[in-house]
Amino acid sequence: MIVMSDLRRSRRPEDSPEADVPSFGAIRGTRTHDHVRSRSGTNFYIISLTGLRIIDSKITCAVDNPIIWTNEVPRKVTGFAWRACMDRIFSAVALSLRGVSIPTSCNFCSNGLDSTDHILIGCSFATEVLQWTLKWCNIPWQTFDSVKDLVGFAANWGRCPKKRRILIAIVYDYLWFVWKARSDMVFNKRHTTPTNTADHIIIEVYNWVNFRGNFGRFIWSDSLCCPFKTM
Ligand SMILES: [Zn+2]
């Protein structure tokens, strides 16, 4: 059962602890709070997470997920990518299908719907981030139809297992940061650029590969040119 109610705008969203909950990964970290606050125009809505999970548990679908769990990628990031492949993230379209009445147009471009595949693949913002990311990897640009299509590409890319694992980390981090940029815009009204988002991906993947993986030591200047340069 979804519990949703209007709240009068008595304080700025930045002042509320729930406003710091921009993504599903972060939502999972605040188990003591059973709700997330969303905003539509000047109104706030409280969405019960327990209610959403009950509905989620009733939705069954075949498990055909190309996600690969690796040590170098934090579980919250891989978990988010796993749910995105299953179209199980809290996009506006997903919430709308569960009975939450909120605007469903894309917050980046207004030309599409705030759905999983549009936010993370089809939107012009996501496309530009992915173009920068693939250019950094020296991988020729190509289009993808869905999140699962992109994740499947990384899971089968190239002949070197180590390079493939790094590309998998890059793709999962790409999904994470595009979702984070979208959530920052929706919940905190903070805007970022595709190039800034791509920069965050480069920095974070470098740290993961260097300090969480078993690939040996990577040199920052080399990784900045290409993540596979020292391999
Ligand atoms: Zn869009």
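The values are calculated or read from the model by the stated rules, or taken from the named source; none is laboratory data. Keep in mind that this is a model prediction, so the values were computed, not measured. Heads up, the Cβs are rebuilt from the backbone with ideal geometry, glycines too, and the neighbour counts pull from every protein chain shown.
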### Task
Residues being in contact (Cβ under 8 Å) with a residue 40 or more places away in the chain, under 17 Å from Ala181 (Cα atoms) and small (Gly, Ala, Ser): count how many of those fall in segment 93-142.
1
### Task
Would you mention how many residues in segment 128-149 are closer than 20 Å to Val209 by Cβ and away from the ligand (no atom under 16 Å from the Cβ)?
8
### Message
Among the numbered criteria (1) more than 21 Å from Arg190 (Cα to Cα); (2) in contact with a Pro (Cβ under 6 Å, 6 or more places away or on another chain), which one does Arg75 miss?
### Response
(2)
## Note on the structure
Just one listed residue, out of Phe125, Phe80, is part of a helix (DSSP H, G or I), aromatic (Phe, Trp, Tyr) and within 16 Å of the ligand (Cβ to nearest atom), and it is Phe125
### Task
Could you list, in sequence order, all residues of segment 108-122 that are assigned to a loop (DSSP other than H, G, I, E, B), near the ligand (Cβ under 9 Å from one of its atoms) and among the small types (Gly, Ala, Ser)?
Ser110, Gly112
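Let's see how each residue does on (1) of a type in the set (S, T, N, Q); (2) at pLDDT 95 or above; (3) at negative phi:
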{"site": "Ala181", "(1), (2), (3)": "no, yes, yes"}
{"site": "Thr195", "(1), (2), (3)": "yes, yes, yes"}
{"site": "Ala198", "(1), (2), (3)": "no, yes, yes"}
{"site": "Asn210", "(1), (2), (3)": "yes, no, yes"}
{"site": "Gly213", "(1), (2), (3)": "no, no, yes"}
{"site": "Cys225", "(1), (2), (3)": "no, no, yes"}
### Message
Looking at segment 88-107 only, could you name the residues that are surrounded by fewer than 17 Cβ atoms within 10 Å (Cβ to Cβ) and either more than 15 Å from the ligand (Cβ to nearest atom) or of a type outside the set (S, T, N, Q) (or both)?
### Response
Arg88, Ser96, Leu97, Arg98, Gly99, Ser101, Pro103
### Summary
Within segment 202-216, residues within 20 Å of Leu175 (Cα to Cα), free of Cβ contacts under 8 Å to residues at least 60 places away in the same chain and more than 17 Å from the chain's Cα centre (by Cα) come out as Tyr206, Asn207
